[in-house]
Structure formats: C-alpha cells, structure tokens
1. Of ALA229, ALA211, ALA241, which residue is touching a helix residue (DSSP H, G or I) at 6+ places or on another chain (Cβ under 9 Å) and not in a strand (DSSP E or B)?
2. List pairs: first residue in the range 234-245 and assigned by TED's automatic domain parsing to the domain that holds GLY219 and of a type in the set (Phe, Trp, Tyr), second residue modelled with pLDDT of 95 or more and in a loop (DSSP other than H, G, I, E, B) anywhere in the structure, Cβ distance under 8 angstrom, at least six positions apart or on different chains.
3. Do the conditions hold for SER220, that is, is it surrounded by fewer than 24 Cβ atoms within 10 Å (Cβ to Cβ), among the hydroxyl-bearing types (Ser, Thr, Tyr) and part of a loop (DSSP other than H, G, I, E, B)?
4. Of everything in the range 275-297 that's surrounded by 23 or more Cβ atoms within 10 Å (Cβ to Cβ) and assigned to a loop (DSSP other than H, G, I, E, B), which residue is modelled with the lowest pLDDT?
5. Six or more apart or on different chains, Cβ under 6 Å: which pairs go from a residue in the range 47-62 that's in contact (Cβ under 8 Å) with a residue 24 or more places away in the chain and among the polar types (S, T, N, Q) to one that's in a strand (DSSP E or B) and buried (at least 21 other Cβ atoms within 10 Å of the Cβ)? Could you list them?
6. For SER308, work out the one condition from (1) surrounded by fewer than 19 Cβ atoms within 10 Å (Cβ to Cβ); (2) modelled with pLDDT under 95 it doesn't fulfil.
7. Kindly list, by first and then second residue, each pair from a residue in the range 147-165 that is on the phi < 0 side of the Ramachandran plot to a residue that is surrounded by 19 or more Cβ atoms within 10 Å (Cβ to Cβ) and aromatic (Phe, Trp, Tyr), limited to pairs with Cβ atoms under 6 Å and residues at least 6 apart or on different chains.
Amino acid sequence: MKIKSLLATGFVFYLILMIGFNQSAQAAIVWSAQTSGTISTLNGVSAVDANTAWAVTDGVTILYTTDGGTTWSVQSASGNLIGVSAVDANTAWVVGFTGTIEYTTNAGATWTAQSSGTSNNLNGVSAVDANTAWAVGDAGTIRYTTNAGITWTTQTSGTGNHLREVSAVDANTAWVVGHSGTILYTTDAGATWSDQTTGILTLVGISAVDANTAWAVGGSGTILYTTDAGATWNTQTSGTAQSLFDVSAVDSNTAWAVGNLGIILYTTDAGTTWTAQTSGTSNALIEVSAVDANIAWAVGSNGTILKSSNPATLAGSVTISGVCEVDLASGTLAFVSGDPISNGAGVGTGEISEVLSNTLGNLQSDIGVFGTDWTDGGALTIMDGSHTVVSTSTGAFGTKTALSTSSGTPTDLGQITPQGTVTSYWDVEIVMDGGNPGYSGATVQTITVDFSCI
C-alpha cells in the first residue's frame, strides 16, 4: 500500500477492507435451464470457469459461452461430435465419430482437424494442458498427444471393449472406463495401462480427483469410488436404478453425477450419501462439468443445458485497521458504520457499506482494488477479473458512480471528492454470479484505500 505524505493541515488515513462472504446454513443448490438454441442431443460439456464453457452436439455444432450461459454462440466442426475437453477460455479439443479430433486455440473462432490415425469413434477426451491430452474410443482405442495434437500416438489398452471416457490427473496419470465394467489406469503416460476391470456393468463416466481418488458411474445407478489408486473400487448407494452417464468431481468429498430421466445426484461426504437434486427435466442428462461445489453445467437430450447455483444466505465481515492523524481545527473523519446490509435486490445479493462522516469539506481519495468474478449490483454487469467496481455516493445515498476496474495488484482507480460538509458513503456492492441468483468466484475481495484529505 502506498502512503502519501502528510499535509501541513491535513492527515493521511489508510485502511484495508477484507470483504468475505460465506454460506451460513447452506441453501439448496438450484438448477436452471439455459437456452441452447438446438434440439439436438448435447453429448459433452466442459467448463473452464463460472462464465466460460463449451458443449457439443451429436452433429457438427459446438456451443460456447463466456457469459455464464446467458448466451451460447454457435461454432462448427467438420465431423459429428461426442466429447469435449477445455484447457482454458481459448483452448479446447473435441472428438467424435470416425476418429474425429479437432482443436482450437482462439476460443473456437477456428477449429483445426487433427489426424487421430483411427476410424473408430472417439467417445471421450481429457486435456491436461494445451499440449497434452488423451482420447479414447471404440474397440479399445487410446490416443495420446504431447505436442498439441500435431501427432496422436497409439497406446495399447489391452482390451477390445468400447472405451467411453477418460479422466486425466496429469501428463502421466489417467483413468479410462468402458463397456463390461472396464477400468484402466496409467501412471506412466500410457506406456502401460493396468486393468482394474470390475466386470459388473458398463461404465460410462469417470472423474479423477488425484492419482489416488476417482469416481466412476454407469448402468443401473452404479457408482464406484476409489481412494487407493484403484486397488479397490467400492460400490456406493446412488438411490436410483436408472443409468448414470457421467460424474464430475470437485474434490475428494464433492461430486455430481447425472443420468437418465434428468437425474442429478450430489455428494459432499465422499459418496457416503448421494442426494437427489431437482433438475426440472425428464430429458436424459449425458454429461456434467463442475466448476466448484456450487456451480456446474449439465447437458443432454433435446438440447438440454442446465446450470447450478447456490442462492446461499450471505454473511459478511469488514475488518478495518489503520492510522489517523487529525488536525482537530480542520474537522473530523470518523466511521459511522461498517456492517453488511441487504440492498433488497433478492436472494443471493449482498452489500457492504462503509460510511464515513466527513466534516472536512473536501475529502479526496485514491482507490485500488483487486478481486475476481463479482457483479455490480447496480448495473448487474458480470465481472470477470477486469470488472471490479467500487461505487460512492454523497449525502443520503445519491447516484453511485463506478470508478474503474482492476484485477491483480491494486492500482489507482480514480479520485472522488465529495462536496461540502456531508456524510460520504463508500459503498462496495456485489451480486453473486453463476445464475441469477447464484454464487461464483473469489470468496474474499480485498480493497485497499488511501485517503488524503485536503
């Protein structure tokens, strides 16, 4: 924090506000339908963050969103698609029928076809980074790249069963699942694949947390879980006999599973209990991709896209520390309140206000801010790390004016000079993102304020 020189008749006041929001009495997660613009089956979805995701149809259509799913733009591939795996907001792979692999590094403005070396259907893909990925498919097909898909190397799976999905932990470690309960595991970048096949039923989805922990799902409500790198796979009670088509893990305790007839299951206790959530659809949900414990996308038949959010009760805190030297002859500056208040915009909305009683006549401030994924409660503008807004008003909460935006290292964003000897309100306002209402992004936002009074 920079410290300004003291003026002969003024003072320097500096403080740090830590605005933290947590969930008190965690509210139920809500799933909301989004408009896909298609009635085709959506076979795959891959989320980058709460705002950015790709989805693929069983045709050549690729859907892409950067606004949390409010709008989905249409992109095109050259082959019919089954799976997608995103690295970041610019980079992703899609795979599909007859060995289709395509790759983008420009957010889907162009998709480049790559040679897979197979005509078998490729059913799943999992990217580690912009250079490294696995793709799996019919008849035991496994392909691997470490050069952004310039070449895809054939790996020996040891099975002729159709492989349905792959989940990579890193460039060396991955799991694959498929028909007849097939489970394969590698820790040497696919040079060898060990067979962990359960043989119980077809397994369709796999999601790895780390080199030891993963979930797998499949027919008749099957959920399997390992914490010992697949040495043992323990059956968990799903509470359904319907087929489960995919699973997406947030961590070793938290995961979603989706399946037939719109089934959505959720666990926060490592699968000891799986709770059914209301999807609002009877369409089959084919794939799910989780961002965090509150936000996920699920896609399926008839163009179905759902997104979850958690309109949790908000709790807030403001911590103030600093030094104030005042020339009493010039006036005073004092905190009137610093408690979180509700701005009345609905569930999932919170506001923190710092109220300064200013009798100095002129109070000029430079404000530096860093934080990510917040929404301005006044404009309802989604913030993505470059749109953190601080507002101020004078008098009895007059018009609020956005100063500027920043992320990363705090920088000067602007100067405000309230007029006259009035009470000045410094107001930080948020609406949780990730659905309306919802929650997304940083749980703590730090605001550094340097006051220089003239």
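1. Details: ALA229 fails: touching a helix residue (DSSP H, G or I) at 6+ places or on another chain (Cβ under 9 Å); ALA211 fails: touching a helix residue (DSSP H, G or I) at 6+ places or on another chain (Cβ under 9 Å).
Criteria check complete, one pass: ALA241.
2. Taking only residues 6 or more apart or on different chains, the pairs are PHE245/ALA284.
3. no
4. Ranking the qualifying residues of the range 275-297, first place goes to ASN294.
5. THR57/LEU42
6. Status for SER308: all satisfied but (1).
7. Cβ pairs passing all conditions: THR153/TYR144; GLN155/TYR144; SER157/TRP193.
Here is a yes/no grid of residues against (1) outside any strand (DSSP E or B); (2) surrounded by fewer than 24 Cβ atoms within 10 Å (Cβ to Cβ); (3) within 27 Å of the chain's Cα centre (by Cα):
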| residue | (1), (2), (3) |
| --- | --- |
| THR159 | yes, yes, no |
| ALA171 | yes, yes, yes |
| ASP188 | yes, yes, no |
| THR192 | yes, yes, no |
| ILE200 | yes, yes, no |
| VAL204 | no, no, yes |
| ALA216 | no, no, yes |
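The values are calculated or read from the model by the stated rules, or taken from the named source; none is laboratory data. Since this is a predicted model, take the numbers as computed values, not measurements. Glycine gets a Cβ as well: all are built from the backbone with ideal geometry, and neighbour counts include every protein chain shown.
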